[in-house]
Structure formats: structure tokens, C-alpha cells
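Asks: I'd like to ask some things about the structure below.
The values are calculated or read from the model by the stated rules, or taken from the named source; none is laboratory data. The model shown is predicted, which means the values in this text are computed figures rather than measured ones. A quick note on method: Cβ atoms are made from the backbone with ideal geometry, for glycine too, and the neighbour counts reach across all protein chains shown. What goes into the accessible areas is simple: the full protein's heavy atoms, side chains included, and nothing from ligands, DNA or RNA. Shrake-Rupley method; radii C 1.70, N 1.55, O 1.52, S 1.80 Å.
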Amino acid sequence: AVLVESLLVFSVVLSVHAVVWDRFSWCAVALAVQAFYVQFKWDRLLQLGGAVFQFRGAANSGLLPASMVIPLLGVVMRERCRAAGIVYFERFGVVVASTGMLLALFLSVLAVGITKPVPTNTCILTGIAGSVIIYTMKHSLTVSEVIEVLEVLLIFVYLSMILLYLLPRCFTPGEALLVLGGVSFVLNQLIKRSLNVIEGRGDPIDFFLLVAVVGVVLLGLFFTVLFLFMDSGTWISSMFFHMMTAVLGLGVIMPWLYRLIQRNPLFWLLQFLFQTQTRLYLLVYWTFLAASACGVVFYQNAKRSSESKKHQASTITRKYFHFIVVATYVPGLIYDRQLLYVAAVLCLAVFIFLEYVRYFRIKPFGQTLRHLLSLFLDERDSGPLILTHIYLLLGMSLPVWLFPRSCAPKGTLPGAGALVPYSGVLAVGVGDTIASVFGSTMGEIKWPGTKKTFEGTMTAIFAQIIAVALILIFDSSVNLNSSYAWILASVSLVSLLEAYTTQIDNLLLPLYLQIMLMA
């Protein structure tokens, strides 16, 4: 299974390399080769319990698929913005690619360093790949860009040491690279933009995303350290939690956002949300869907309490939420992507805040949330945090957040790139959902080395092709320019990756589909 997963990732890397064909795509190929070898060292460390931190069990390290995501995103973003003639974002793509490669190399060197006896061949390969990448960075980055890349690496190192110690068994090494690498990059971007505020420059919704992500992460770090020294389940601790959340929100996050957008954040947000009648209709519709999702949770818990035996939500029941999320995102993508962007940021902040309330048992809702959500746990929620619903939201939202709007004439990319914002809907909302439902109910032929079925994967590919046809009918901004073969190949590769990967597919699959469609 690991070998097939690696083969699929190599197929994506070589596809991007064939399209781009520059020094950075060559570096991506070199990085993939060395990550393939180092991945087996990480897997051995996880099996022997010598991986320094406690990582999520029942999964391989996932180093290769995770190592390639950020570099490939940077490479394809650079190529798209170069074609559009936007120099600033072309350089931004170079920084993203370089940062991703350096973070992946750091994890590789860490694995090689703690493996005993020292693997000579892997060391040589890592050294060669590292030399190629550093040589390319030396001749491609300016001094300020080198400093920026090193800043992200420094933040990543410290953030990893803190969070992996405080949150054991929540991530595999690959998932830690993706999540903590992304948070480190966002934090560095926020610091950089805060120190260089130019009035009128920058989109307020981008600043809103940066401040929201950094704000909830800092809030979690603060309370995690605080509750090491006091019991979080008492009423006094709960009152202190709510009071300090208000203080940090109104005293730190709001002024920070005010400095960046140069206006009152609350007034800006209210004006933005209710700017048009379409937005009002969408908000009412989304409120109805949110109430429906809550109804599913309460109904399933009522079923559990009425049955004598232990009741756990089935795979099909968990996929109800995938259908609700698809119904949420598709109208937003068609009618108002900016509103969807901001609404997804607000949802992410609310989800993470509620997870803090559940994890710390904050009164009055902490224990209730623990009871309600325990029904929907699966083998991937082996750590103290429940992250699968947050990963689902991230998988659907990241293609919207990472879409290079400044490099897209008329708000859309040509050819298959027009489907980039729909990557989450196609890969997770349609593909993963249909594969799980049909595979678990009608699947008989299993892929070698996995529990996934051939029928589920084929049905997922077919369903995504139908979804693309429906998008073409209902979204007039999408024009594929006869790039149907590339779309079919992209959907097929990502669906096969879903069958073989043991990483969090809600997070990984949309990013790989976005990379293929942008290429």
C-alpha cells in the first residue's frame, strides 16, 4: 500500500514537472526521491517507538505525500502568476515552494539523525537532494526572501516542539508537516504584513484569515499552558476561560485586525455580510443547513441512549455531514465566493473554539460536547483532540482560500484551473463520500493491501465526472477549454490516492487535486 501511494505521488510530481519544467520542478523531483527513502526510516521509528514524540497510530508516517504538497503548490502558483504577469505573486510562489522544500528537508534530516545505526545510503541521498535545493534557492531567492524562509523554519521548529509534546497521538509526521507548516507560514505572513502596513494595499478578507488562524492558535497555546497548573473543569476556571477569551479577542485580535484593514473590524464584517440581498439569502440558507447538521447529531445521540448496546455512528451516517457541506459550499462557489471565504474563516474559528471548550471541559457546554461528539469518533481520533470535522472544513475551504485571485483574469483561471475552487467539493464532498458509501455497501473487490474497494473508487471517479458536468451547466464562469483528459487523469489519480493513503484524506486529497488542476 505504501509503495502504491508513493507511485501515485510520483505520478503527480512528474505530471507537474512535465508541465512546468524549470529548476524548481527539478528540485521537487529530487525532494520526492529522497522523501521516498526517508519515509521508510520514519515508519521504522514509529514501529519501534523511537520517534521522539508520540504520533498517531494505525497509519504510516506519510512523509512523501505531505512533503510534496507545499512545494508543488508554490511551483504551480508561480507558473500561473508568471503567465499572468503578476511579479509580486510569482515571487510569492517561489517563497512558498522554497519554504515547503526546506520544511520537508528538516523532517528528513531529523529522521535520519535519530535512526540507529545511521543509514548511510539515505544520508547520501538526503545530502544530494538538500544540496540541489539549497543551490537552487541560493540562485533564485533575494536576501529578504531567504530570511523569510528561515523565519518560517524557525517558527515551525518551536511550534512543533510545543504542540507535538502537548498533543500526543494527534498527528502523523506528515500531517504535522502540513498543519504546523501551514500555521507557521500564516504566522510569519501576519508578522510581515503587520510590520509593513500600507493603507489601501491588500484585501481585508486575506487579513481576516491570517488574524483568525493565528488568533485561535495563540488562544489554544495560552490556555494549554495555563491549565497545566490549574483544573480546567471547575466553574472558576471556566469563568476565567471565557473572560480571557473576551480580553484576548477584544484587546489583541481586534486591534491587530484594525491595524491591518484600517477600519473597525466589527463594522466591516457586518457591512460585508449584509452587503447584498444574495448574501442575505445565502446566510439564511447556511443557517438552515447548520441547524440540520445539529439535528443529525442530536438524533444520533438520542438513538444511542435508547439502545441497550453501545451504539456508534456508521460510515454512512458520518457521510451525512459531507452531503451537508457540499450543499453549503456549491451555492457559495457559484454566487458569492468572497462571502464563502469569510464564512469559512468564521466557521473554522468557531469549530476550533468549541474544540477548546470540549477538550478543557469548560462549563457549561464542555461535558455535553464530549458526550455528543464521542458518537462520531473513528480510528483517526486517537489523540486528545477530535480533529476530523475540522479537517473536513479545511479540506473544503483551502482551495477557496489558496486560489490565486490576483493571478486570475476575470476571477477564474483558464482551462482546468477554473475548477480549482471546487477541488474540495470534488475530492472530499463527492469523491470520498461516494467511495465510502458505495464501497461499504456494495464493494466486494478490495484493492491489494487496503480495506478500500475497486467499486468504491470507480464509482467515485464517475461521480466526480458527473459533478464536473453539473458545474459546467450551473456555473457560467467555468470554461474548461477542452482540457477534459487532464481533468479525468487528475480525478483518477486523486481517487486512487484516497484508496491507498492512511493519512487524513479530508486534508490531503483536495490539495493534490488543486495542484493538478492548477498545473
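Asks: So, in Å, what gap is there between the alpha-carbon centers of segment 133-166 and segment 320-342?
Replies: Between the Cα centre of segment 133-166 and that of segment 320-342, the gap is 34 Å.
Asks: Sticking with this structure for a sec: Please list, in order along segment 129-143, the HN-Hα scalar couplings obtained from phi with the Karplus expression 6.51 cos²θ - 1.76 cosθ + 1.60 (θ = phi - 60°), rounded to whole Hz, x for Gly and Pro.
Replies: Values, residue by residue: 4, x, 5, 4, 5, 5, 4, 5, 4, 4, 9, 10, 9, 7, 4 Hz.
Asks: For Lys446, which sequence-distant residues (separation of 5 or more, or a different chain) have an amide H within less than 5 Å of its own amide H, given hydrogens modelled in the peptide plane?
Replies: Phe454
Asks: Let me have the 222 nm mean residue ellipticity of the chain computed from DSSP H runs of 4+ only, each contributing -39500 (n - 2.57), with the sum over all residues rounded to the nearest 500.
Replies: Using -39500 (n - 2.57) per qualifying helix, the result is -24500 deg cm²/dmol.
Asks: Whenever you get a sec, compute what percent of the accessible area on segment 1-197 sits on carbon and sulfur atoms (1.4 Å probe).
Replies: With neighbouring chains kept in place, the figure for segment 1-197 is 70 percent.
Asks: Which whole-number percent gives the relative contact order of the chain, counting Cα pairs below 8 Å spaced six or more residues apart?
Replies: After rounding, I find 18 percent.
Asks: When you take every Cα atom in segment 298-402, what is the radius of gyration, and what is Dmax, the widest Cα pair distance, in Å?
Replies: My reading of the Cα-based Rg and Dmax gives 15.4, 48 Å.
Asks: Send over a whole-number figure in Å² for the accessible area per residue of segment 335-416, probe 1.4 Å.
Replies: Solvent-accessible surface per residue comes out at 40 Å².
Asks: Taking just the alpha-carbon atoms of segment 1-197, what radius of gyration and Dmax come out, in angstrom?
Replies: 16.5, 51
Asks: Set the bar at 32 Å for Cα to Cα. Now go through Lys41/Lys319; Lys319/Lys410; Lys41/Lys138; Lys303/Lys452; Lys192/Lys410; Lys138/Lys192 and name every pair that lies beyond it.
Replies: Checking Cα-Cα distances, Lys41/Lys319; Lys319/Lys410 exceed 32 Å.
Asks: With a bin width of 10 angstrom, please list the P(r) values of segment 227-352 as percents of all Cα-Cα pairs, from the 0 bin to the one holding the largest distance.
Replies: For segment 227-352, the binned pair fractions read 10, 27, 27, 27, 8, 1 percent.
Asks: How much accessible area per residue does segment 1-197 have, in Å², with a 1.4 Å probe?
Replies: 41
Asks: Sequence gap at least 6, Cα distance under 8 Å: using those rules, report the relative contact order of segment 379-496 to the nearest whole percent.
Replies: So the answer I get is 27 percent.
Asks: Next question, about the same structure. Percent relative contact order of segment 1-197, based on C-alpha pairs within less than 8 angstrom and at least six residues apart?
Replies: The normalised contact order for segment 1-197 reaches 27 percent.
Asks: I need the semi-axes of the equivalent ellipsoid of the chain: take the C-alpha gyration tensor, multiply each eigenvalue by 5, square-root it, list largest first in whole angstrom.
Replies: Those come to 31, 28, 27 Å.
Asks: Same structure again: Tell me, what ³J(HN,Hα) does each residue in segment 490-507 have, in order and in whole Hz, if you take phi through Karplus 6.51 cos²θ - 1.76 cosθ + 1.60 with θ = phi - 60° and put x for Gly and Pro?
Replies: 5, 4, 5, 4, 5, 5, 5, 4, 4, 6, 10, 7, 9, 7, 5, 5, 4, 8
Asks: To the nearest Å, what is the center-to-center distance of segment 369-384 and segment 443-519, using C-alpha atoms only?
Replies: Their Cα centres are 28 Å away from one another.
Asks: Take peptides 430-443, 99-112 and line them up by average Cβ neighbours within 10 Å, highest first, as a rough protection proxy.
Replies: Highest-to-lowest ranking by the protection proxy: 99-112, 430-443.
Asks: Along segment 162-176, what does the Karplus equation 6.51 cos²θ - 1.76 cosθ + 1.60 (θ = phi - 60°) give for ³J(HN,Hα), rounded to whole Hz, x for Gly and Pro?
Replies: After applying 6.51 cos²θ - 1.76 cosθ + 1.60, I find 6, 6, 5, 6, 6, 10, x, 6, 8, 9, 8, x, x, 5, 4 Hz.
Asks: Per residue, how much accessible surface does segment 247-310 expose to a 1.4 Å probe? Answer in Å², no decimals.
Replies: On a per-residue basis, 69 Å².
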